[in-house]
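Student: Structure in C-alpha cells, see below.
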Amino acid sequence: MTIDVESFIRTGRLGDISLGMTRNDLIGVLGVPDAVAGGGPTPEILKYGDVEVMLKGGVTTFISIALPPTRSSDGQYPGWRPTHETTRSECEYFLRHNQIAIDPEQRATRGSFRTFVVTDSNVRLAFVDDLLDRIYVIRED
C-alpha cells in the first residue's frame, strides 16, 4: 500500500480508505489484513503494514499511520516521509509550507501525547516528547 501522508492530512482519506467504510468494503479495497485484533464487543482493529483501521459495529471509525522508525526508500511513502524522528517543529514547518492550517483551538494534551487537529478533515498528528508518533483520523460521534 502506498501511503501519501500529505493527502491523508489534507483529506482524512488514505487512498481509497475513509471513515464510515464497512468491513467488507475495506477488505474489498485492501484485501485480507496482515493482522486482526479485537472484535465482538470490543472494536476490531485491522492492520495493513503501517496502517491500522479500527471498526466499531463493522464500520471504520479510526484510520492511523504508525510511522516507521527511520526513513526508507521502499516507495511506500511518496512525497513527505515523516518518521518517529520527525520533530514537532519539522511537522509544523511542513504544514505551514504546504498551507495546511493547524487549528490552535483544537490542541489537546492527553497524558504524554500532544494532539493537533489539522484541517477540516480532523486529521491529528500525535507527538510524544516532541517527536511524531502517529498520524490519524477518528470519527467522533
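Bear in mind that the values in this text are calculations on the coordinates, not laboratory data. Being a predicted model, the structure only gives us computed values, none of them experimental. Positions of Cβ are backbone-derived with ideal geometry, glycine not excepted, and every protein chain shown enters the neighbour counts.
Student: Got a sec? Which residues in the range 22-66 would a label at E140 touch, if it sits 7 Å along Cα→Cβ and we count backbone N under 17 Å?
Tutor: Those under the cut-off are 61-64.
Student: Counting other beta carbons within 10 Å of each residue's own, what order do S89, S18 fall into, fewest first? Could the numbers behind the result be given before it?
Tutor: On the way: S89 9, S18 18.
Ranked by crowding around the Cβ, least crowded first: S89, S18.
Student: Subtract the Cα-Cα distance of V32 and H84 from 0.36 nm times their separation in residues, and report this length gain in nm to one decimal. Intermediate values should be presented prior to the final figure.
Tutor: Numbers: separation 52, 0.36 × 52 = 18.72 nm, distance 2.69 nm.
Roughly 16.0 nm would be gained on extension.
Student: Order of L26, L125 from fewest to most other C-beta atoms within 10 Å? Before the final figure, lay out the partial values.
Tutor: Values: L26 22, L125 26.
Lowest to highest Cβ neighbour count: L26, L125.
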